[in-house]
Amino acid sequence: MKHGMKQEGIVLVFALLMLVTLTVLGVSAVSSSLIQNKMAVSMESQSIAFDAAESALAGVVFESEDDAVLSSVALLDPLSEARVDDAIDLDNQELSCYEDNEWTNREVTSAGLPAGIRHTTQGTYKNNPTVRSWSRSAFVREQACRGSSNVIGGSNISCHVFMIRGCGQLQNSNFAVANTLNVSVFAPASGNQ
């Protein structure tokens, strides 16, 4: 009988080891699943914020091409407004999403981009989740137009280069996602205005 009891003790120890092993595997599988879920939610949040930043860039382009804004003497499109301001010094200044006073600011809200207005009203781009979309525009420099014909590249026409930073941020997020677009506009040379 003692020999049978000894075997039952070994079986009990083996069963406990198997139970502990299965518990550890189960806990690690759940932990891995939770980490993957957090990563997926984070990627989705960044994607939504990037979409808002892209919309902010599109908003500046839309307003800069809006016939109602361009034909109004009372309204300045964002690039014309940025051209009136001092040029950005790229060696010493940054076109930051968080600098409100230095650059030309525009917002994209859930109302979209109606024609004929300056898009400066603050609001949310999207409400579920709450996302904000805005842009900063700065004049960079005036330069000879490259790749254009001699007629366009003559002495009385130059290219005005602008930098536009589109920004998107989810509510309660510690960071904004940004994207930058550089644009060039044919305009009268400074000495010929």
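Each row is one residue, and each column tells you yes or no for (1) among the small types (Gly, Ala, Ser); (2) more than 17 Å from the chain's Cα centre (by Cα).
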site: Leu75; (1), (2): no, yes
site: Leu79; (1), (2): no, yes
site: Leu90; (1), (2): no, yes
site: Glu94; (1), (2): no, no
site: Tyr98; (1), (2): no, no
site: Glu102; (1), (2): no, yes
site: Arg141; (1), (2): no, yes
site: Gly166; (1), (2): yes, no
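Out of Arg118, Arg136, one residue alone is in a strand (DSSP E or B), out of contact with any Gly (no Cβ under 6 Å at 6 or more places or on another chain), surrounded by 12 or more Cβ atoms within 10 Å (Cβ to Cβ) and of a type in the set (Lys, Arg). It is Arg136.
Here Asn101 meets the list (1) at pLDDT below 90; (2) surrounded by 14 or more Cβ atoms within 10 Å (Cβ to Cβ); (3) under 24 Å from Gln169 (Cα atoms) almost entirely, failing just condition (2).
Among Ser32, Ser45, which is touching a strand residue (DSSP E or B) at 6+ places or on another chain (Cβ under 6 Å) and at pLDDT below 85? Show your work before the answer.
Working: Ser32 fails: touching a strand residue (DSSP E or B) at 6+ places or on another chain (Cβ under 6 Å).
Among Ser32, Ser45, only Ser45 is touching a strand residue (DSSP E or B) at 6+ places or on another chain (Cβ under 6 Å) and at pLDDT below 85.
Taken over segment 157-190, the criterion of being touching a Pro at 6+ places or on another chain (Cβ under 9 Å), under 22 Å from Asp77 (Cβ atoms) and not aromatic (Phe, Trp, Tyr) is satisfied by Ile157, Ser158, Ile164.
Given segment 1-107, what helices (runs of 4 or more DSSP H) lie entirely inside it while holding 3 or more residues that are touching a residue at least 60 places away in the same chain (Cβ under 8 Å) and either more than 17 Å from Phe162 (Cα to Cα) or in contact with a Lys or Arg (Cβ under 6 Å, 6 or more places away or on another chain) (or both)? I'd like the intermediate steps shown before the answer.
On the way: elements: 2-65, 67-70, 78-84.
Correct list: 2-65.
The values are calculated or read from the model by the stated rules, or taken from the named source; none is laboratory data. Here the structure is a predicted model, which is why all the values come from computation and not from measurement. Here Cβ is always computed from backbone atoms with ideal geometry, including for glycine, and neighbour counts include all displayed protein chains.
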